[in-house]
Every structure is written in structure tokens, then in C-alpha cells.
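Everything on this sheet refers to the single structure shown next.
None of the figures in this text is laboratory data; all of them are computed from the coordinates on show. These numbers were taken from a predicted model, which means no experiment stands behind them. For neighbour counting, all protein chains shown are included, and Cβ atoms are generated from backbone atoms with ideal geometry for every residue, glycine included.
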Amino acid sequence: MAERRGAGLTFGQLITLTFGFLLASVVIFVFGLWVGRDLAEQRGRRGSEAARVPIGAPPEPIAAAPAAPVAAVPPAAPAPATAVPTATAAPRLPTATAPPLATATRRAVSPTPAGGNWTVQAYATSDTMRAIMLARTLRSKGYDATPGTKKIGSVTWYTVRVGRFRDRAAAKALENKLRSEEGLEAASVVAQ
């Protein structure tokens, strides 16, 4: 009778099984990295995609009286009382409002050419809050940013426009600045 040496694997079979397991593990790991990177790129593209939506005329300011220059207000004069809007259940995109004091001071130092036919659409999204927050961020950095809306079919787009220029070249310079310094790759010059 043939003598059996044991119920286990031979040394050659054990080495083959180990290398097979390691090779399968490496293939699964590399495949996981590839799929994960692809998913991350898709999420990144989806988050940074913005529609280039042509915009209409800017909304009229709410204030009935023109705002007085900052330097014209006497230091001892009390500020006039203004009505504060109440919060509603659904957030709405605000229309043009008076800029905060710090932004008004910055604009007084370096004014933006007003009353032109060109503007830069910095961003367009279907998310109201994203547009409002971007407009606030740009205003805090000294840009003349205004949120707006544009309805295309059944979708309402919330846009952020920056500046008004008399010529396209000045608007193009601001577009390049927004792209390079602020990272707004979707910025584009549009006619009003």
C-alpha cells in the first residue's frame, strides 16, 4: 500500500496558492483605486459644472432713495431705521441691495465702470444658496457681484454677475482675473 504523508499541501502548492492570493489582492486593490479616482473625478466635475446662461437686464434696486456717499454722513447723525424682511419658508434669491460699508469704501477707492453693455457671469447653478454665498464672498473681496435669476424651460438658474463695463475688453480682463485669482473656471463675458 502507498503510504500517505499527510493531509496538507505540498510546499510547491503552498507557494503557488500564496502568490495567487497576493496577485488577486493587488489586482483588486488597483481596480479599487481606479474606480475610486473615477468616481471622485465625476463628483468633482458634477460639483464644478456651471451652465453658461445668458442674463437679462439687471434687477432694479429696492431702495427708493439713492444711497448717500459714506463720507457725506455726519458722524453724530443716527442711521435711519430700515425695514428688515422676515424669513420665508423657501429661500429666495435677493435682488440688488446696498453693499456693506466695507465694500462701499473699497468701491469708492477703485470704482467699477457702471452703465455698460457687458458683464461677467461668474457662475450659474440651480442651487440658490450656492449662488448667494458666492455673491457674498465676491462682494467681501471687493467685486461688484450681483445674484440674479434666469428661467430656461422649467429650470430656474441662479446666476452671479460681476461688474458692468462699457467695452468687452475690460469685461474680458475681469473674466481672466476671476478665472486665475478666484478659481471660477465658468466665468464668461456676456452682453446685457
Fill in the blank from the handout: Spelling it out for Phe165: with amide H atoms placed in the peptide plane at 1.01 Å from N, the residues 5 or more places away or on another chain with amide H under 5 Å from its amide H are Gly116, Asn117, Trp118, Thr119
Completion exercise
When Phe31, Phe165 are arranged by how many other beta-carbons sit within 10 Å of their Cβ, fewest first, they go Phe31, Phe165
